[in-house]
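Chemist: Right, I'll just put the structure down here and ask away after.
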Amino acid sequence: MSDDPKGEIHSLDLAGLRKRLEGLAGERYWRGLEELAGNDAFEELLRKEFPQQTSAWANGLDRRDFLKLMGASLALAGLGGCGRAAPPDEKIVPYVKQPEGWVPGKPLFYATAFTHNGAATGLLVRSHEGRPVKIEGNPAHPDSLGATDAFAQASILTLYDPDRSQVVSSGGAISTWNAFFTALDGEIEGQRLNGGTGLRILTEHVISPTLADQLRSILARFPRAKWHQYEPAGRDSVRAGARLAFGEYVAPQYRFDAADVIVALDADFLSCGGASLRWAREFAARRRVRGGKGEMSRLYAIESTPTTTGSVADHRLPLRPSEISLFAGALAGRLGPSANEARKSPATGSAQWLEAVARDLQNHRGRSIVIAGDAAPPFVHASAHAINQALGNVGITISYTQPVEAEPVDGIESLRELVKDIEAGQVSVLMIIGGNPVFTAPADIRFDRLLSRVAFSVHLSLYDDETSASCRWHVPEAHYLEAWSDTRASNGTATIVQPLIAPLYGGKSAHELLSAVRGQPGRPGYEIVRDYWQRQSRGDFESFWRKSLHDGVIEGTAFAAKAVKAKPVSSPESQAGNSPATNKNAETRESLEIIFRPDPTIFDGRFANNGWLQELPKPLTKITWDNAVLVSPATAERLGLTPKIGTTGGERGRVFADMVELTYAGRKIRAPAWIAPGHADGAATVYLGYGRARAGRVGTGTGFNMYTLRTADAPWQSAGLVIQKTEAQYAIACTQYHHNMEGRDLVRSAALEEYRKHPDFARDKDHPAETLYPGFQYAGYAWGMAIDTSACIGCNACVIACQAENNIPVVGKTEVTRGREMHWLRIDRYYKGDPNNPETFHQPLPCMHCEQAPCEIVCPVGATTHSDEGLNEMTYNRCVGTRYCSNNCPYKVRRFNFLQYSDFETPSLKLLHNPNVTVRSRGVMEKCTYCVQRINAARIDAEKDDRRVRDGEIRTACQAACPAEAIVFGDINDRSSNVAKLKADSLNYGLLTELNTRPRTTYLATVRNPNPDLKKT
Amino acid sequence: MAQIFHRSTNTLSRVSIFGGLGLVVALVAAAAAINRAPYLTDVRVARAQPVQFSHKHHVSDDGIDCRYCHTSVERSAFAGIPSTKICMNCHSQIWADSPMLEPIRESFRTGRSIEWTRVHNLPGFVYFDHSIHVNKGVGCATCHGRVDQMPLMSRENTLYMEWCLECHRAPERFVRPREEVFNMNWRAEDQLALGRKLVSAYKIQKLTSCSVCHH
């Protein structure tokens, strides 16, 4: 999909940028490399604020035709007004027998859990008249604590996805569940005779106790059958690392609130991994300083590819994956009882780092954590375990428990075994429960070809995807909000997954399918799960079951800590297959290291058909709808890359990236390259999950399939990548260059030392606040918001939560390139300093709800007004779409429905809409409302009880989702409220206050805690 | 030189100038009148329902309280339409064989809901909450009229925004003591005096911001 770049194009001169920067101190904030380069042509481009007007009308309608059409539409609109104004008849359909205790019009919340990436997040799902509409976190659940991540928030869109598989199919033809069960029964009967010799079951890593129990009983019934587990983004390294260190697989449990010093070795622990929400909460708790006092923890991030964790670190060191292994080894050698003391010195430039980190860790024995990432090689994990033990952290900041996986295995090894059996012709019945191995299996395992050798293959999945197409049977899976199941949090706490709605498309759960293998087809999932827990519980089962369902956690199921002792680790070189840099390919001077990571928004590809996640800007690159090859500025310069910002169709939304050819392990792929400030030099990151062939209407054909490069022996990183620039260019929809704030004083930050000396460093300079008009008086409530940028980790959960709560539509890639994405809340990302390793800042930006709002005074029809409580209101039914308000908004938070973005037609998507928020039509302006529907509901409840709204009673959707509790909302007239206290703090500042807009949304400046010993390299 | 215009032209011009103005005023008045006429507003236009349910009979003759059927009116935005079970509470015993009630019995037998035609219907961009109005002393009859005298249900008021604002701007003209909310016959002796007292006693606010109802 290569767009022909027309119109004005601006190229980036990297060599020139480097020269310019050599003369600068490097303490400026910047958003894009072009801005930093400060080139004149780019400045000129910025001045043309809305360039899309020049070319938005591609069909060349002339003025005369335009006037004719306008005249005709006016006349027709007038005719339309002659009809009866009353809306068409509507029906009210009451219950025949209304359930007791149910109040029509009041939402109900049900506790359930979302399992993702190896652990569950406990949820409370809001249901309106039987329709699940919004997902909130369950405060009682250890891995949620009330927060959710973007994946959990967006999973509700998958539930209603009209592209989900709706029929059983056999060899591509529509079939029925009965026909399938009959066929399955015949096969299973055949397997019974030979003890299941040809029966194989392939699942993802199973943590559901009931599912594991079912699988074990199947294996008991068919002793020669085998159960395999594979997941493309699985935690194989974590498992292998624990085995290497302890000789058995144990799961580390971290307590970041107890740690003063944290060292992350290629670990994105704030947004990846089972407990990341809890970790983010605990981490943020140690990052808040108020009133010029307070202690902070210190985070060192040593990472190859920029992550959100690295972006909030006090010190960040970009290293190639191979160098990270060396660094980890050297750190272990310095701190731990390592077997191999004499170690190669780590990469040049990091010696000072090693010294400083080692000393800091030594000074904080028992109060530190060294954590290795899910994708880090086992050796790095083992080193981290050894260091933690040597520092006496075990038992204080870290404990070890049994794993949540019922049968922890190495996924790739397990898949290899299955492949070997298929090749040997030993497999006659293969049941694939979930997952999409044809798409996700390593490229050197041609899983699709192998499948044709299996006589009877079944794929149970939400979508009729790549794997389904290669299987004999495809059967639709019930979504987790449609089925009974159970799961575990990362510390073992079990949750019953209860359905919110009957299966929309006749799907069945894995439990129900496996029950058929055991000769009980048609047994409901409810009975299966209940039966399992009945066997586990002692005492009164009925009250245990009801309490467990209600609470969303099963009491006493958390694992007890295990006493384990880390063995000294040998060097990575002696660990065959563990070293990242042992690819057989001859390493040349030109070659780079390749880094595979799951995509930050669509993960391993399973969310490819989820429009919310596709359109969600990636936390750091702000790319939507695509994946790109990330390289550092220096590497880009070496490769001769020149990204171009195109202005042909949009408000700086379209970037033309050079297509490059990646050659790795004998395979080639072409993909666009993207310059990522802070990426390790000499390496390139590729995100998995894109390039789906059978994802659905949304996901098919977006991005590039990087699984085609991934091999089984190096799933996460390896050397031997060659990148060749091609002449072709590719248009990427990127929100980075939108809303450029042109060097104003928007982000404020200081080091802890400086903050202690000058607690009010962020305080607004005095601006004249005189006005000719009398100010508003707020006698009752005055709503306001404070956002703590020290706590914000840029995880995007708030953006999706807002989208789900407020019925915000998806616009598609083309519209994003025109700058027309509809998110009411965006997260601006700023950089500071050296582009090779900049400091990064995240700034969530909702409507400011200015007390003197520039948008209000320019609306000719009074569609945007000021409420008695200080809200800047948007009344859709009054709006005629002049867009004056958007033009006059200095913060650029208003969004206009240029086209009919909302889906009023698709029946399943109608069910998704929040009934308390109007679904906007074409030609209407919209923006953040501070979730006014929640304010109104809380105000009504309070009035009925004859009291004031309590502090914390109203939680906006973004605030409720935030794992770091960075967003605080409340009544600023109430001096004792949390938000009023934050606004009184010395760190509080407003954006663009020199315009005298008096924003109600304010920010707390970022304070970081760098190590004084470590000068920035 | 003869007059170009005949003397009658004076009259004609006066008639056309003032008549023209008058015509404009009359057109505007007519448009306003049509806009508020039952033709457009459906005020007092009864709707066909699957069962000819008479509020008059059930409220006046039988003395059944509003909340017996509209169960959630004090707790929720939606007042609630009775389930078939509520009808059958009585009608399994009385008028148990009436042919008029066959749809009710059928619904109860088959488990299929009765589809009532909505009488009070607001546009999708308006959010109204029954519970807060009832709790602040707005009587049922204030908006719905004398339902106890309606054999067939119809709208009593236009449900236009100007009509909502009549009360939101001056609640004292309409509110009544909480204990009289469900009383169809209640009338204040001196509404304004009582209203002012109730407005301060119930802390009734004059909420006229757009986002109170539109979000």
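Chemist: Restricting attention to region A:984-1017, report how many residues are touching a Cys at 6+ places or on another chain (Cβ under 8 Å) and surrounded by fewer than 23 Cβ atoms within 10 Å (Cβ to Cβ).
Modeler: So the answer is 2.
Chemist: Any residue in region A:473-496 that is at positive phi sitting within a Cβ distance under 8 Å of a residue that is of a type outside the set (S, T, Y) and crowded, with 24+ Cβ neighbours inside 10 Å? List the pairs, counting only those 6 or more apart or interchain.
Modeler: Correct list of pairs: A:G492/A:V404.
Chemist: Filter region B:193-205 for residues that are more than 9 Å from chain A (Cβ to nearest Cβ) and of a type in the set (D, E, K, R); which is surrounded by the most Cβ atoms within 10 Å (Cβ to Cβ)?
Modeler: B:R196
Chemist: I've got another one for you. For the subset of region A:955-978 comprising residues that are among the aliphatic types (A, V, I, L, M) and more than 15 Å from A:T1002 (Cβ to Cβ), which member is surrounded by the most Cβ atoms within 10 Å (Cβ to Cβ)?
Modeler: A:A961
Chemist: I've got another one for you. So which of A:T997, A:T1002 ends up being closer than 19 Å to A:Q959 by Cα and in contact (Cβ under 8 Å) with a residue 40 or more places away in the chain?
Modeler: A:T1002
Chemist: Right, here's the next one. For the condition under 16 Å from A:N807 (Cβ atoms) and surrounded by fewer than 18 Cβ atoms within 10 Å (Cβ to Cβ), what is the one hit in A:E905, A:E926?
Modeler: A:E905
Chemist: What number of residues in region B:1-28 are exposed (fewer than 11 other Cβ atoms within 10 Å of the Cβ) and either part of a helix (DSSP H, G or I) or β-branched (V, I, T) (or both)? If you could, list the steps in order and put the result at the bottom.
Modeler: Within region B:1-28, the first condition is being exposed (fewer than 11 other Cβ atoms within 10 Å of the Cβ), and the residues that meet it are B:1-8, B:10-11, B:14, B:17-18, B:20-21, B:24-25, B:27-28.
Right, trim to either part of a helix (DSSP H, G or I) or β-branched (V, I, T) (or both) and you get B:4, B:8, B:10-11, B:14, B:17-18, B:20-21, B:24-25, B:27-28.
Adding up the residues that qualify gives 13.
Chemist: Residue under question is A:V861, and the condition is that it be away from every other protein chain (no Cβ under 14 Å), outside any strand (DSSP E or B) and aliphatic (A, V, I, L, M); does it hold?
Modeler: Spelling it out, it is not the case that A:V861 is away from every other protein chain (no Cβ under 14 Å), outside any strand (DSSP E or B) and aliphatic (A, V, I, L, M).
Chemist: Out of B:L152, B:L159, I need the residue that is more than 14 Å from chain A (Cβ to nearest Cβ), within 17 Å of B:V43 (Cβ to Cβ) and not in a helix (DSSP H, G or I). Which one?
Modeler: B:L152
Chemist: Moving to a separate point now. Being at positive phi, buried (at least 19 other Cβ atoms within 10 Å of the Cβ) and free of Cβ contacts under 8 Å to residues at least 40 places away in the same chain is the requirement here; does B:G80 meet it?
Modeler: Judged against the criteria, B:G80 is a match.
Chemist: Here is a follow-up. Restricting to helices (runs of 4 or more DSSP H) lying wholly in region A:742-843: which have 2 or more residues that are in contact with a Ser or Thr (Cβ under 9 Å, 6 or more places away or on another chain) and buried (at least 23 other Cβ atoms within 10 Å of the Cβ)? Outline the logic, then answer.
Modeler: Values: elements: A:752-757, A:797-805, A:813-817.
Of the helices (runs of 4 or more DSSP H) lying wholly inside region A:742-843, those with at least 2 residues that are in contact with a Ser or Thr (Cβ under 9 Å, 6 or more places away or on another chain) and buried (at least 23 other Cβ atoms within 10 Å of the Cβ) span A:797-805, A:813-817.
Chemist: Can you name the residue in region A:111-133 that is crowded, with 18+ Cβ neighbours inside 10 Å and of a type in the set (S, T, Y) and is also nearest to the other protein chains (Cβ to nearest Cβ) among such residues?
Modeler: A:T112
Chemist: Exactly one condition in (1) surrounded by fewer than 21 Cβ atoms within 10 Å (Cβ to Cβ); (2) touching a residue at least 60 places away in the same chain (Cβ under 8 Å); (3) within 32 Å of the chain's Cα centre (by Cα) is false for A:K981; which is it?
Modeler: Checking A:K981 against (1) surrounded by fewer than 21 Cβ atoms within 10 Å (Cβ to Cβ); (2) touching a residue at least 60 places away in the same chain (Cβ under 8 Å); (3) within 32 Å of the chain's Cα centre (by Cα), the one that fails is (2).
Chemist: Report yes if A:V660 is at pLDDT 90 or above and among the hydrophobic types (A, V, I, L, M, F, W, C), otherwise no.
Modeler: yes
Chemist: For region A:378-398, which positions are within 27 Å of the chain's Cα centre (by Cα) and under 17 Å from A:I262 (Cβ atoms)?
Modeler: Residues satisfying the conditions are A:V380, A:H381, A:A384, A:T397, A:I398.
Chemist: Out of the residues in region B:29-49 meeting the condition of being touching a helix residue (DSSP H, G or I) at 6+ places or on another chain (Cβ under 7 Å) and either in a helix (DSSP H, G or I) or facing chain A (nearest Cβ under 10 Å) (or both), tell me which one is nearest to B:G145 (Cα to Cα).
Modeler: Top of the filtered list is B:V45.
Chemist: Answer yes if at least one residue in region A:203-222 is among the aromatic types (F, W, Y) and assigned to a strand (DSSP E or B), and no otherwise. Walk me through it before giving the result.
Modeler: So in region A:203-222, the residues among the aromatic types (F, W, Y) come out as A:222.
Retained after the next criterion (residues that are assigned to a strand (DSSP E or B)): none.
No: zero hits.
Chemist: Next up: Looking only at residues that are of a type in the set (D, E, K, R) and over 28 Å from the mean Cα position of the chain (by Cα) in region A:500-536, which one is modelled with the lowest pLDDT?
Modeler: Going through the qualifying residues, I end up with A:R518.
Chemist: Could you pull out every one of the strands (runs of 3 or more DSSP E) wholly within region A:913-1017 that has 1 or more residues that are closer than 30 Å to A:N887 by Cβ?
Modeler: Result: A:967-971, A:1001-1004.
Chemist: Quick one: in region A:736-751, of everything that is at pLDDT below 85 and polar (S, T, N, Q), which residue is farthest from A:Q614 (Cα to Cα)?
Modeler: Filtering region A:736-751 for residues that are at pLDDT below 85 and polar (S, T, N, Q), the one farthest from A:Q614 (Cα to Cα) comes out as A:N740.
Chemist: When region A:273-313 is examined, which residues are found to be in contact with a Gly (Cβ under 8 Å, 6 or more places away or on another chain), surrounded by 24 or more Cβ atoms within 10 Å (Cβ to Cβ) and not in a helix (DSSP H, G or I)?
Modeler: A:G274, A:A301, A:E303, A:P306, A:V312
Chemist: Assuming A:D945 fulfils every condition listed in (1) within 12 Å of another protein chain (Cβ to nearest Cβ); (2) closer than 29 Å to A:R697 by Cα apart from one, which condition is it?
Modeler: For A:D945, the failing item is (2).
Chemist: Would you confirm whether any residue within region A:844-852 is closer than 28 Å to A:A797 by Cβ, within 14 Å of another protein chain (Cβ to nearest Cβ) and crowded, with 24+ Cβ neighbours inside 10 Å?
Modeler: yes
Chemist: Kindly indicate whether B:C213 is crowded, with 18+ Cβ neighbours inside 10 Å and either without any contact (Cβ under 8 Å) to a residue 24 or more places away in the chain or under 30 Å from A:K97 (Cβ atoms) (or both).
Modeler: Considered against the rule, which asks whether it is crowded, with 18+ Cβ neighbours inside 10 Å and either without any contact (Cβ under 8 Å) to a residue 24 or more places away in the chain or under 30 Å from A:K97 (Cβ atoms) (or both), B:C213 comes out as no.
The values are calculated or read from the model by the stated rules, or taken from the named source; none is laboratory data. Treat the numbers as computed from the prediction; the structure is a model and nothing was measured. Counting neighbours? That spans all protein chains shown, and the Cβs are built from the backbone with ideal geometry, glycine included.
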